[in-house]
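**Q** Next up is a structure, given as structure tokens.
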Amino acid sequence: MYDQLVEAWNKMLSKLESWLDAIIVSLPNVLIAIIVFIIALIASKYVSRLILKLLGKSNLQRSMRKVIAKLVSIVVILLGLFLILGILNLGKALNTILAGAGVAGLAVGLALQGALANTYSGIILSYIKNLKYGDWIESNDYEGEVIDIDLRVVTIKQIDNNLVYIPNKLVVENPIKNYSTTAQSRVILECGVGYESDLRKVKELTIDTVVNHFKAVENKDDVLFLWKEFGDSSINYELRFWINSTSALEVAKAKSETMMLIKDAYNQNDINIPFPIRTLDFPKGFGFIKNENNESKAKNNDEKEADDND
């Protein structure tokens, strides 16, 4: 028994010595592998910057240029890792890694379906020319200026300066309203005037007010004025005209300015913009009954006070 223990101990020491020899022999390769890895990381950063600089002269969107630069950076790091495996004589380990990559890739793909969908959608959005930085868009019930498009979300800045991060998948799958794709935007305003108004005069005055105060409106034909309906308290119309702007905020400002101009013009020409009025119709004799009830209550109170004094 003792001899067996001694023999096992000697074999263990021999194995440790062989490992130590292997580590000492491989130490230069390990140092070279570390140096190669550091060089690969530094090279990936410089290559990424170089790609961004070269693609800056192209017509690709900034988001697409960033995606390509990141992919090239990843490729450089992967090449460095393969080179490190070759330096360390881990070819068999490389084959094992590649064999297990398929199974691991399937598992990761199932676990990261949402993230991968957003990444793929981000690449699609990077190719879309009708959606770019600085555009004013409306998507998924949010409206604002596009300030960033990456592989995960589209970032828009709203009118109140708040940032909204919309997943790329939702932007791709839902309609996008882009206010910046055309050089002009249309202002639409609804209003109403009293039934006693001269409708032809109202139409002419409203159109003249718009033409005289907006440079983009060159003549009366550029203004669309339509009477819509006989409302409960007014005759309602819709006013439409174009302005030189691609921002929803500028459209809102133009609409606000138009409301003030029209109100001033109507006041100067005694044109009434009515508001809903509720008329209460009391039954005949309602006031008399009310006064009679008050007198009866007062009389009963007097009689009660007299009884209390007695």
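**Q** Identify the single condition in (1) open to solvent by less than 20 Å² (accessible area, probe 1.4 Å); (2) without any contact (Cβ under 8 Å) to a residue 40 or more places away in the chain; (3) among the β-branched types (Val, Ile, Thr) that Val211 does not satisfy, given that it satisfies every other one.
**A** Failed condition: (1).
**Q** When residues of region 208-259 are filtered for being assigned to a helix (DSSP H, G or I), of a type in the set (Lys, Arg) and in contact with a strand residue (DSSP E or B) (Cβ under 8 Å, 6 or more places away or on another chain), how many remain? Spell out how you get there, then give the answer.
**A** Step one: filter region 208-259 for residues assigned to a helix (DSSP H, G or I), giving 208-213, 220-222, 248-259.
Still in the list and also of a type in the set (Lys, Arg): 220, 253, 255.
In the following step, the residues that additionally are in contact with a strand residue (DSSP E or B) (Cβ under 8 Å, 6 or more places away or on another chain) were identified as 255.
Of the residues in that region, 1 qualify.
**Q** Just to check your reading of the model, which residue among Leu54, Leu79 is open to solvent by 50 Å² or more (accessible area, probe 1.4 Å), at pLDDT 70 or above and under 19 Å from Ala33 (Cβ atoms)?
**A** Working: Leu54 fails: under 19 Å from Ala33 (Cβ atoms).
The conditions single out Leu79.
**Q** Shifting gears a bit: Taking region 235-252, which residues are at pLDDT 90 or above and either surrounded by fewer than 16 Cβ atoms within 10 Å (Cβ to Cβ) or touching a Cys at 6+ places or on another chain (Cβ under 9 Å) (or both)?
**A** Correct list: Asn236, Tyr237, Glu238, Leu239, Arg240.
**Q** Now a separate question. Which of the residues belonging to region 196-207 are assigned to a helix (DSSP H, G or I) and in contact (Cβ under 8 Å) with a residue 24 or more places away in the chain?
**A** If we filter region 196-207 for residues that are assigned to a helix (DSSP H, G or I), which is where we start, we get 199-207.
If the condition is that a residue be assigned to a helix (DSSP H, G or I) and in contact (Cβ under 8 Å) with a residue 24 or more places away in the chain, then Leu199, Lys201, Val202, Lys203, Leu205, Thr206 are the ones that fit.
**Q** Count, please, the residues in region 242-260 that happen to be of a type in the set (D, E, K, R) and free of Cβ contacts under 8 Å to residues at least 12 places away in the same chain.
**A** Matching residues across region 242-260 total 1.
**Q** Follow-up. Out of Val210, Val223, report the one residue that is modelled with pLDDT of 90 or more, β-branched (Val, Ile, Thr) and under 19 Å from Asn272 (Cα atoms). Spell out the reasoning first.
**A** Values: Val223 fails: under 19 Å from Asn272 (Cα atoms).
Result of the check over Val210, Val223: Val210.
**Q** Every residue in region 121-165 that is among the aliphatic types (A, V, I, L, M), surrounded by 19 or more Cβ atoms within 10 Å (Cβ to Cβ) and more than 15 Å from Arg65 (Cα to Cα), please.
**A** Answer for region 121-165, where residues must be among the aliphatic types (A, V, I, L, M), surrounded by 19 or more Cβ atoms within 10 Å (Cβ to Cβ) and more than 15 Å from Arg65 (Cα to Cα): Ile137, Val146, Val153, Val154, Ile156.
The values are calculated or read from the model by the stated rules, or taken from the named source; none is laboratory data. The model shown is predicted, which means the values in this text are computed figures rather than measured ones. In this analysis, Cβ positions are derived from the backbone assuming ideal geometry, glycine residues included, and neighbour counts consider all displayed protein chains. Surface areas here come from the heavy atoms of the whole protein model, side chains and all, with no ligands, DNA or RNA. Shrake-Rupley method; radii C 1.70, N 1.55, O 1.52, S 1.80 Å.
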